[in-house]
Amino acid sequence: MSDDDAEAPAEARPAEAQLAEAQRQHWQSTYAAHPGMYGQEPSAPAVHAARVFRAAGAEEVLELGAGHGRDSLYFAREGFTVRATDFSPVGLEQLREAARVQDVAARVTTEVHDVRDPLPLPDASVDAVFAHMLMCMALSTEEIRALVGEVRRVLRPGGTFVYTVRHTGDAHYGAGTARGDDIYEHGGFAVHFFPRQLVDSLADGWTLDEVHAFEEGDLPRRLWRVTQTLPR
């Protein structure tokens, strides 16, 4: 399926909303059952992002889909001011507690937010945005495009956006329950697998600095790490 064909018809949107709510509840229960489920060490993409953000002179980082906060906490330990958002209050409470323990609470704020809604920030108000596997959640192509538009709105000119997504070369692509729009649900988790043309189209009007292929986890998951910069 091409991303041009992926716009959901109006009659399908109630099903999208139902899937979104089911995923919210699934993540809530998962974080509650497995506190700190991803460990305390930062992801490799976060380490990359910190280098890129620092080289660009960034001081403030917005993380979308922060979960229990291993990457937000890493950014804070690296000296950035961090605003962490997620649609799971349970995950964010774990993040806040870890920030207190690690003595970085003064550099971290959290906000419960669903990225299907406009970002709760003014225009041109942050230096950098990071999203590790958030964009490949159960979001339609239309919702993904809207989200990137919001990221563009809140970034300052010259700001950097680093995100990662599972792609159509992943072993789980086409497996499990098909939800339409290249979304497949496997083991209770719904994933939107990205074709390369979607990555390229989301960079329209940006400088696409890098699309780096990497693997993560035991399957392994196959992802792209995308770095793009807003023109000044």
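The values are calculated or read from the model by the stated rules, or taken from the named source; none is laboratory data. What you see is a predicted model, and the numbers here were worked out from it, not measured in a lab. Positions of Cβ are generated from backbone atoms using ideal geometry, with glycine treated the same way; all protein chains shown enter the neighbour counts. Protein only, heavy atoms only, side chains kept; ligands, DNA and RNA dropped before computing areas. Shrake-Rupley method; radii C 1.70, N 1.55, O 1.52, S 1.80 Å.
Of all residues in segment 57-74, count the ones that are under 15 Å from residue 159 (Cβ atoms) and of a type outside the set (Asp, Glu).
Number of matching residues: 5.
From (1) modelled with pLDDT of 95 or more; (2) surrounded by fewer than 18 Cβ atoms within 10 Å (Cβ to Cβ), pick out the condition that doesn't hold for residue 28.
(1)
Please work out which one of (1) without any contact (Cβ under 8 Å) to a residue 60 or more places away in the chain; (2) open to solvent by 40 Å² or more (accessible area, probe 1.4 Å); (3) closer than 21 Å to residue 71 by Cα is the condition residue 166 fails and give its number.
(2)
List pairs: first in segment 140-157 and in contact (Cβ under 8 Å) with a residue 60 or more places away in the chain and of a type outside the set (A, V, I, L, M, F, W, C), second part of a helix (DSSP H, G or I) and open to solvent by less than 40 Å² (accessible area, probe 1.4 Å), Cβ under 8 Å, 6+ apart or cross-chain?
Here the result reads 141/3; 141/198, each pair linking segment 140-157 to a residue that is part of a helix (DSSP H, G or I) and open to solvent by less than 40 Å² (accessible area, probe 1.4 Å).
Condition first: open to solvent by 20 Å² or more (accessible area, probe 1.4 Å), over 14 Å from the mean Cα position of the chain (by Cα) and either more than 24 Å from residue 215 (Cα to Cα) or without any contact (Cβ under 8 Å) to a residue 24 or more places away in the chain (or both). Now tell me which residues in segment 36-89 satisfy that.
If the condition is that a residue be open to solvent by 20 Å² or more (accessible area, probe 1.4 Å), over 14 Å from the mean Cα position of the chain (by Cα) and either more than 24 Å from residue 215 (Cα to Cα) or without any contact (Cβ under 8 Å) to a residue 24 or more places away in the chain (or both), then 51, 54, 55, 56, 57, 59, 60, 77, 78, 79, 81, 89 are the ones that fit.
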